[in-house]
Amino acid sequence: MHYSRLFGKTLRERPQGGSSKSYRILQQAGYIRSLGPGLFSYLPLGIRVLRRIKSIIREEMEALGGQEVLVPLVNPYEIWEKGGRAELVGRSLVRFPDRQDRDLVLSPTHEEAMVELLRIGLNSYRDLPILLYQFQTKFRDEEHLKGGLLRAREFIMKDAYSFHRSYSDLNNFFPRIFRAYQRIFQRLDLDVIAAESGVGFMGGHKAYEFLMPSREGEDVIVICEHCGYKANRDIAIAHKEYGSERPLPVEKILTPECSSMNRLSRYLKLPKSKLAKSMMYQSSQGLVMAVVRGDYEVSIDKLSKVSGRNISDLARIERVKELGIAPGYMSPLGISDDVMVVVDDTVANSNNLVMGGNESGLHYVNVNFGRDFETPLVGDIVRSRGRDSCFQCGQPLKEVRAIELGNIFKLGDVYSRAMNLEFQDDKRRRYYPHMGSYGIGMGRLLNATAAAHRDEKGIGWPVEIAPFKVYLMGIGKSHKVRRVVFDLYEELGPEVALLDDRIESPGVKFFDAELIGIPYRIVVTSGLLLNDEVEVYERASGRIWQVPLREVVSQILAY
Ligand SMILES: [Zn+2]
């Protein structure tokens, strides 16, 4: 490729803003452009890296017997209703009518569509197990957009789905996909931690995330360096302390303008551990109130597990007001039976807490679980905190920021049952296939690979996925230099070499070569040609050396 012909040139200045540094470098180097919040265009350099990452993933999926398919981005709303997730996904699901007034959605994920594909594509249960995968666009109308490609609304995913005759067959397959994921990240030269995670709105039984430690990440992994325990902060279990004391009589007090934990704590001069915090969530089966101690945050994943309901989001404030509750003063005291109440064990085991009165400007003090309010649903529903100690060994936990690159879910027969996909075996027994779902966000992976391999000058791509292997340039106007440069280009070919044919100073060309991050650079000068040599530079090591002209192509191609 001739640089002068390349669409999407480097920018002199690095874009500023709150997004991740590696994303800003990707913009500056001409890989990506933004079209609007959460919407990204890939330029030719970005597409080349993406194509190489895809081919690594394809190899690993095909090695497991995977077959590539493509289901549409636009799905009938009907299949989302059948699967039971339409409400759950909530406002991030974009829904619109077609000209016949049939409801359609922009799919945020493709479990439903794959179940439908299996229904019409599979003749017999004997064809199971089967692994299907695709590279397809998804759309989620996310609320918080930060960090460039790490949180896009429209994004490309590699998603794979396996279907099995039995749960035990799915279980046996799971370690194989786990290892394939590890190999993919190894080939991209990424240090990745696999940690147990919540199943979220995917449902199912078990999930693992593959996370790359990075300050640019939005996820937090809790790690115990002593015993090796690791889990996503949302589901990590940590040791909790309860302060038990003699229950005192409950009292009503006035607390004007104390609708937040901070204000209440300041007003009453009490630590947050003496306050109870209540939050209302929506689930597909109704409202769920979570009650935790004021010094903790609710984990939606744990709340879903303890409540047995699939919880997606906070309830809208209008729903809370409809129940006659003043927002900011919410509590389970005297609440309607329609609301399921789940209490964290710290609240159940702490005495004399301060709790909202469900009326504006009113709280109760000395509230005790079991005496003043009750629920059978008590469990661990809080996020672990950085200062907590390990539940298994008591040693201090550590929190590590990370970028989530992929996840694997053991879904079981949740979807095949909900969508009534059944097969008959030889003995005419009917059963629902068991399903696994395995995703990798391609834009995230590109962004994370850039984050892992970036330096002050640009991105040092691993050879296997670099947009070009060689950056080729000549210095000076000598006719011989130009001829040698073009001869080398002919030999290396346009797929391997990016030829900088611009009329620019060597300084500008060196700067761009580092920024774009091509692994090898060949420089031709008339001085070097006197000895029939050229100069080779390896970006990863910083090494510069001279190579005889007639050997340079074979040497470079061998790397
Ligand atoms: Zn431990």
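The values are calculated or read from the model by the stated rules, or taken from the named source; none is laboratory data. Since this is a predicted model, take the numbers as computed values, not measurements. Please note: Cβ atoms are built from the backbone with ideal geometry, for glycine as well, and neighbour counts cover all protein chains shown. Note: accessible area is taken over every heavy atom of the protein model, side chains too, but ligands, DNA and RNA are not part of it. Shrake-Rupley method; radii C 1.70, N 1.55, O 1.52, S 1.80 Å.
A few remarks follow.
- Kirkwood analysis of segment 112-210, using all unique Cα-Cα pairs, places the hydrodynamic radius at 16.0 Å.
- Cα-centre dipole for segment 305-436 with unit charges at Cβ (Lys and Arg positive, Asp and Glu negative), debye to 20: 520
- Out-of-range pairs (alpha-carbon distance over 25 Å; input Lys138/Lys206; Lys302/Lys398; Lys269/Lys305): Lys269/Lys305
- Think of segment 130-243 as a dipole: +1 on every Lys or Arg Cβ, -1 on every Asp or Glu Cβ, centred on the Cα centre; then among Ala238, Ser197, Phe163, Phe163 lies furthest on the positive end.
- Taking each residue as 0.36 nm, the span from Leu530 to Asp295 lengthens on full extension beyond its C-alpha to C-alpha distance by 77.3 nm.
- Summed side-chain charge close to Phe7 - residues other than Phe7 whose Cβ falls under 14 Å, Lys, Arg +1, Asp, Glu -1: +4
- Fraction of beta bridges assigned by DSSP in the chain that are antiparallel (%, nearest 5): 80
- Hz values of 3J(HN,Hα) by residue in segment 103-114 - Karplus curve (6.51, -1.76, 1.60), Gly and Pro given as x: 7, 10, 10, 8, 5, x, 6, 10, 4, 4, 5, 6
- Environment charge of Ile440, counting only residues whose C-beta is closer than 13 Å and scoring Lys/Arg +1, Asp/Glu -1: +3
- Around the Cα centre of the chain, unit charges on the Cβ atoms of Lys, Arg, Asp and Glu (plus for the first two, minus for the last two) sum to a dipole of about 640 debye.
- Carbon plus sulfur fraction of accessible area for the chain, probe 1.4 Å, in percent: 49
- Relative contact order, percent, the chain [alpha-carbon distance under 8 Å, six or more residues apart]: 17
- 20 Å-binned pair-distance histogram of the chain (Cα, whole percent): 18, 42, 29, 9, 1
- For the pair Ile130 and Leu323 in one chain, pulling the backbone fully straight at 0.36 nm per residue adds 64.6 nm over the alpha carbon distance.
- Three-way shape label, segment 67-161, alpha-carbon gyration tensor, a/c 1.5: oblate
- Net charge of the neighbourhood of Leu35, taken over other residues with C-beta under 14 Å away and scored Lys/Arg +1, Asp/Glu -1, is +1.
- The residue among Gln282, Val298, Leu314 whose Cα reaches farthest toward the positive pole of the charge dipole of segment 251-379, with charges on the beta-carbon of Lys, Arg, Asp and Glu, is Val298.
- Cα-derived Rg over Rh, computed across segment 251-379 with Rh taken as Kirkwood radius: 0.93
- The modelled label-to-label distance for the pair Glu68/His226, using points 7 Å beyond Cα in the direction of Cβ, is 4.9 nm.
- The string of couplings for segment 513-527 from the Karplus curve (6.51, -1.76, 1.60, θ = phi - 60°) is 4, 5, 5, 5, x, 6, x, 10, 10, 10, 10, 10, 10, 5, x Hz, one whole number per residue in order, with x for Gly and Pro.
- Accessible area ranking (1.4 Å probe, heavy atoms, ligands and nucleic acids excluded), largest first, for Glu13, Glu62: Glu13, Glu62.
- Three-way shape call for segment 470-558 based on the alpha-carbon gyration tensor, with the a/c threshold at 1.5: rounded
- Beta bridges assigned by DSSP with both partners in segment 251-379 are antiparallel in approximately 70 percent of cases.
- Where segment 251-379 is the region considered: accessible area per residue in Å², 1.4 Å probe: 45
- Approximating the spin labels as points 7 Å out from Cα along Cα→Cβ, the Ser336-to-Glu359 distance works out to 1.9 nm.
- Shape of segment 353-468, Cα gyration tensor, a/c cut at 1.5: oblate
- Whichever aspartates and glutamates have a C-alpha closer than 18 Å to that of Lys509, once near sequence neighbours (fewer than 8 apart) are set aside: Glu13, Asp455, Glu456, Asp500, Asp501, Glu535, Glu538
- Toward the positive end of the charge dipole of the chain, with +1 on the Cβ of Lys and Arg and -1 on the Cβ of Asp and Glu, the farthest Cα among Gly474, Phe423, His110 is that of Gly474.
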